[in-house]
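Some notes on the structure that comes next.
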Amino acid sequence: MSVESSRVPGAVVVGDALIDEIRADGGVRELVGGAALNVAVGLRRLGVQTTLIAMVGDDEAGAHIREYLADHDVRLIASPAPLGSSRAIVQRGADGEPVYVFNEAAQQRSVRYSEEALSAISAAGLVAVSCFPFDVPAEVDALLDAAADARLAIDPNPRSGMLSDREEFVRGFERAASGAAIVKVGADDAALLYDGDLDALRQRLRGLGVRAVLATAGADGAALETDAGVVTAPISALPGRVIDTVGAGDATLAAVAAGLAHGTPDDADEWQALLDRAMDVAAATCRAEGGLLRTPESLADADKGVFGS
């Protein structure tokens, strides 16, 4: 695996951090979540020193988010949150999949780049971006200015409840993705943002100069395309039943990003090993509730940390 630049092998994650308010027949529970937060914690659990740059309020919800990140040894650089911390009300739809309703703070989320944030980005081996407001041009401009020289790993992770302009989101996402080290897209992303053809989206992104495209298709597994070719992997079969698939995509991105934080695979075999490991991590994460990354080795500790702090 080749190591690029003199940056330390650490990572910065830019995106969302929130409280998931889960409503079910048994009552209401709250979990610390957010796609970017899940990726940041996942990277740290995989041994990568990680900083999260996200909007977090000075309120009770923000205190829970800060405590959770501290528990997992993730450094937080918080952007101001004039509307308070983000929150998502989560219920299960008729098909069993989660349905999210976001508060105004989440819908108006914004990231600011302090000197501390810029310094962290400059020092990072990889900057991962997930659940970012790509439909706000000023936010995209600020991100690209802050991360102008960074190796980027991007997951558009659009949420219909936070998507104000689909066409603008696609434009902003593709501006940021052009030339990125890796972009992760899923079947849901293809359906919401494009025409639903995941393979065509993978090819489109490669045409934009994305160096590696990770395309995840749920039960159909994943494909990873680079200059070394296309490698594929099925979903991993691990002991135990699937409990919750919510964190699978974030765990997949975290596992791939953990590898890329230290360099870039040299050939198809190394990319295959990276993808296989990511699928194992995603499968393990699905064996417990919530978005906390699990590894096959940690399944024995499946209850530890699930409910946050």
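Overview of values
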quantity	calculated
Ranked list, fewest to most other Cβ atoms within 10 Å of each Cβ, for I22, I243	I243, I22
Förster radius 41 Å - calculated FRET efficiency between D266 and A200 (Cβ-Cβ, nearest 0.05)	0.90
Signed unit charges on C-beta, dipole axis of the range 11-294, positive-most listed residue A217, V185, V48	V48
Residues of the range 194-234 with amide N under 11 Å of the 7 Å Cα→Cβ point at E97	218
Order of C286, C131 under a 10 Å beta carbon neighbour criterion, fewest first	C286, C131
Extension gain (nm, one decimal) between A70 and I243, 0.36 nm per residue minus Cα-Cα	59.7 nm
Simple label model, 7 Å out from Cα along Cβ direction - D145 to E168, nm	1.8
Per-residue Cβ neighbour rank within 10 angstrom, fewest leading, F169, F132	F169, F132
Percentage relative contact order, the range 11-134, counting C-alpha pairs under 8 Å, at least six apart	32
Kyte-Doolittle mean at least 0.0 and Cα axial length at least 24 Å: DSSP H helices in the chain	268-285
Antiparallel DSSP beta bridges within the range 121-280, as percent of all bridges there, nearest 5	50
Over the range 11-294, relative contact order from alpha-carbon pairs under 8 Å, at least 6 apart, %	16
Cα→Cβ-extended label distance, 7 Å offset, between S119 and D58, nm	2.1
Fraction of antiparallel bridges per DSSP, the chain only, in percent to nearest 5	45
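We did not get these values from a lab; they are worked out from the coordinates using the rules stated. Source: prediction; values computed, not measured. Cβ coordinates were reconstructed from backbone atoms using ideal geometry, including for glycine residues, and neighbour counts include every protein chain displayed.
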